[in-house]
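J.: Handing you a structure now.
The values are calculated or read from the model by the stated rules, or taken from the named source; none is laboratory data. Since this is a predicted model, take the numbers as computed values, not measurements. All Cβ positions, glycine included, derive from the backbone under ideal geometry; neighbour counts span all protein chains shown.
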Amino acid sequence: DTGVSQNPRHKITKRGQNVTFRCDPISEHNRLYWYRQTLGQGPEFLTYFQNEAQLEKSRLLSDRFSAERPKGSFSTLEIQRTEQGDSAMYLCASSSPGDTQYFGPGTRLTVL
Amino acid sequence: AQSVAQPEDQVNVAEGNPLTVKCTYSVSGNPYLFWYVQYPNRGLQFLLKYITGDNLVKGSYGFEAEFNKSQTSFHLKKPSALVSDSALYFCAVRGSNTNAGKSTFGDGTTLTVKP
């Protein structure tokens, strides 16, 4: 399968802990996006990369959130000092510039 | 700023009947418009898009959508609904600038098709 993959699929953590998620995009796509989705809402944009450059960040991305794409391939999203309000589905997508974004299966985060 | 409205939280249709899921948008310049479907605990699956050209676009699983510039709408349609079409549907918009990365999504419409 050459689609977008995300790991882990589920993460349960205690408030205050740090978590890291990984996204592997479709190999020929140079753009990678992170979105967050809470129950009953559509995905909300967090950030996106073109190759290794982070081109845009949402104000939703507080200083506890950081995303990297060091080699322009896979990306990681880290949340420090998690809060219960961080509980959500974190979605990754990839695309070529100006083209359709294809989504991975998501990582569901539960903060206890 | 760009935005999407999906005015119906829920749409119910009988199997075999036509279905419509509504979407209106706001964006600067020409829009790129998308429909995605989401099944429980899954990511979003791309259905179709409008970039330019014919206002009626066809996509996966027999779905189609009509772009109406004057009404800023992009309604999803299917002539004959299947029970398996029951899912959560999202409309999304993005600017046509190649540098535009962010897509804005509506809050989704739950489609239920009853046998």
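J.: For segment A:103-112, which positions are surrounded by 20 or more Cβ atoms within 10 Å (Cβ to Cβ) and either charged (D, E, K, R) or not in a loop (DSSP other than H, G, I, E, B) (or both)?
T.: Once the filter is applied, which keeps residues that are surrounded by 20 or more Cβ atoms within 10 Å (Cβ to Cβ) and either charged (D, E, K, R) or not in a loop (DSSP other than H, G, I, E, B) (or both), segment A:103-112 yields A:Phe103, A:Thr107, A:Leu109.
J.: Still on this structure: From A:Leu39, A:Leu55, A:Leu61, A:Leu46, which residue is more than 10 Å from the chain's Cα centre (by Cα), closer than 24 Å to B:Ser3 by Cβ and assigned to a strand (DSSP E or B)?
T.: A:Leu55
J.: For segment B:50-61, check the following and say yes or no: at least one residue is within 14 Å of another protein chain (Cβ to nearest Cβ), of a type in the set (Ser, Thr, Tyr) and touching a Leu at 6+ places or on another chain (Cβ under 9 Å).
T.: Among the residues of segment B:50-61, at least one is within 14 Å of another protein chain (Cβ to nearest Cβ), of a type in the set (Ser, Thr, Tyr) and touching a Leu at 6+ places or on another chain (Cβ under 9 Å), which makes the answer yes.
J.: Also, I was wondering about something else. Can you find, within segment A:69-95, the residue that is farthest from B:Asn41 (Cα to Cα) among those that are of a type outside the set (A, V, I, L, M) and within 10 Å of chain B (Cβ to nearest Cβ)?
T.: Selected residue: A:Ser95.
J.: I need the strands (runs of 3 or more DSSP E) fully contained in segment B:56-115, keeping only those with at least 1 residues that are at pLDDT 95 or above, surrounded by 21 or more Cβ atoms within 10 Å (Cβ to Cβ) and of a type in the set (A, V, I, L, M).
T.: B:64-68, B:73-78, B:87-95, B:109-114
Okay, residues lined up against (1) modelled with pLDDT of 95 or more; (2) in contact with a strand residue (DSSP E or B) (Cβ under 6 Å, 6 or more places away or on another chain):
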| position | (1), (2) |
| --- | --- |
| A:Leu61 | no, yes |
| A:Thr82 | yes, yes |
| A:Leu91 | yes, yes |
| A:Gly98 | no, no |
| A:Thr110 | yes, yes |
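J.: Check off (1) among the β-branched types (Val, Ile, Thr); (2) in contact (Cβ under 8 Å) with a residue 40 or more places away in the chain; (3) outside any strand (DSSP E or B); (4) within 22 Å of B:Leu88 (Cβ to Cβ) for A:Ile26 and give me the number that stays unchecked.
T.: Going through the list (1) among the β-branched types (Val, Ile, Thr); (2) in contact (Cβ under 8 Å) with a residue 40 or more places away in the chain; (3) outside any strand (DSSP E or B); (4) within 22 Å of B:Leu88 (Cβ to Cβ), A:Ile26 breaks only (4).
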